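Peer 1: After the structure tokens below, expect a handful of questions from me.
Laboratory data are not the source of any read-out in this text; all were calculated from the coordinates shown. If you're wondering where the values come from, they're calculated on a predicted model, not measured in any experiment. Every residue, glycine as well, gets a Cβ built from its backbone with ideal geometry; the counts of neighbours run over all protein chains shown.
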Amino acid sequence: MRRSEFLRAASDEFGARASSMTHDLVLGGIGLTSVEALDAGVPPRDIWLALCDETDVPVERRYGVGRLDPRGRRP
């Protein structure tokens with residue numbers, strides 16, 4: 001997962017709340033907000049999974065999100 005995919009996944013999952021979730025919510029397993037963790041070099045996939053754990057995102061919505069399909073359109 002790339003940074004752009006992480007941000008797209010957060011936006012898709014949390015909508016208008018994505019910015020506050022990634023800037024304000026400290027992730028228990030990481031000890032930083034998502035944005036701080038990205039800036040610190042934590043792999044985006046690890047941040048995404050920690051954010052999902054913290055916010056109880058169902059497992060079926062955790063994997064493969066944020067990726068564009070081969071034609072460049074969102075799934």
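Peer 1: Can you find, among 29, 16, 59, the residue sitting farthest towards the positive end of the charge dipole of region 3-61, where Lys and Arg contribute +1 and Asp and Glu -1 at Cβ?
Peer 2: 16
Peer 1: Okay, moving on. If only Cα atoms are counted, what is the Rg of region 3-61, and what is its Dmax, in Å?
Peer 2: So, for region 3-61, Rg and Dmax equal 10.1, 28 Å respectively.
Peer 1: Could you pull out which residues in region 1-18 have an amide N less than 14 Å from a spot 7 Å beyond the Cα of residue 53, following the Cα-Cβ vector?
Peer 2: none
Peer 1: Please arrange 47, 30 by counting, for each residue, the other beta carbons lying within 10 Å of its beta carbon, fewest first.
Peer 2: Working: 47 26, 30 17.
The fewest-first ordering by Cβ neighbours comes to 30, 47.
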